[in-house]
1. With the cut-off at 1.5 for a/c, could you classify the stretch 127-167 from its C-alpha gyration tensor as rounded, prolate or oblate?
2. In what sequence, largest accessible area first, do His78, His53 appear using a 1.4 Å probe?
3. How big is the accessible area of Tyr82 in square angstrom, nearest 10, if you roll a 1.4 angstrom probe over the protein chains?
4. Enter the accessible area per residue of the stretch 88-207 (Å², integer; probe 1.4 Å; all protein chains in place).
5. If eta is 0.890 mPa s and T is 25 °C, what Stokes-Einstein diffusion coefficient results for the stretch 90-170, Kirkwood Rh from Cα pairs, in µm²/s?
6. If you restrict to DSSP beta bridges whose two residues both lie in the stretch 114-207, what percentage is antiparallel, to the nearest 5?
7. Rank these residues by their accessible area, most exposed first, probe 1.4 Å: Arg115, Arg40.
8. Given the Cα-Cα distance of Asp86 and Glu109 and 0.36 nm per residue of separation, how much length would full extension add, in nm?
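The values are calculated or read from the model by the stated rules, or taken from the named source; none is laboratory data. Everything numeric here is computed off the predicted structure, so don't read it as measured data. These area figures cover heavy atoms from the full protein model, side chains too; ligands, DNA and RNA do not enter into them. Shrake-Rupley method; radii C 1.70, N 1.55, O 1.52, S 1.80 Å.
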Amino acid sequence: MTMRTSFSAPPPHGPDAPLVGEAELDIWGARAVRHASWARELLGRLAAQRGEHLDRESLRYAVTAGPEELAAVWAAGHAVVYVAPDGSVWHADAETVRREDYEDFARGERTPIERFGAPADEGDLARSAIPGLAEDLAARAGLDVLPRRAGVLLAVGDMELEWLIAEEDGVLVAYRVERGSARELARSSDASVAVRAVESSLGLPRD
């Protein structure tokens, strides 16, 4: 299984970079994935302010300045959020990436995080942050980060074992998979519960 696209190398970056879906985002590397997770959370807060649900399938992503430096996330028809390496962001009300917004961002324009509203009620961890935890979990457990299939937010493991967090009908489910046989560890709408179940199964202490 692979999450790579038909591109043989990461596609061009810049304000005219091609927009791709979530499953293709890792062509730019782990840092871009983490930036996108943060922007996705902020877009979710904006949607909540409008009384709407963020449609993840509508999101499109691009890296606008270097393979891991600046990431842009597009929410179809509503907003673009640009994320800088330090986690600061620039929000533009737009239907797609616009050169003038990119130039404002590149010049240092930023949007205060409080303008996006309060975090979603998901315990002490946002669901959108789960993919960005894979590298940390893998490093702590001496495992590899595995390709994420459709619906899988996090996957770590080795040749025989893997630990997954998947989204199923709006609920997060943590699994331990041994040679293709899956054992459910936890099922909850709370992202913290799913992550803690994986950490516990891996024998990892909470930081």
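1. Details: a/c = 2.45, a/b = 1.31, b/c = 1.88.
Oblate is the answer for the stretch 127-167, as a/c is 1.5 or above yet b/c matches or exceeds a/b.
2. On the way: His78 80, His53 165 Å².
Sorted descending by solvent-accessible area, the residues read His53, His78.
3. 0
4. 54
5. Value of D from the Cα-based Kirkwood radius: 155 µm²/s.
6. In the stretch 114-207, approximately 95 percent of DSSP beta bridges are antiparallel ones.
7. I get Arg115, Arg40, largest accessible area first.
8. Values: separation 23, 0.36 × 23 = 8.28 nm, distance 1.34 nm.
Here the segment from Asp86 to Glu109 would lengthen by 6.9 nm.
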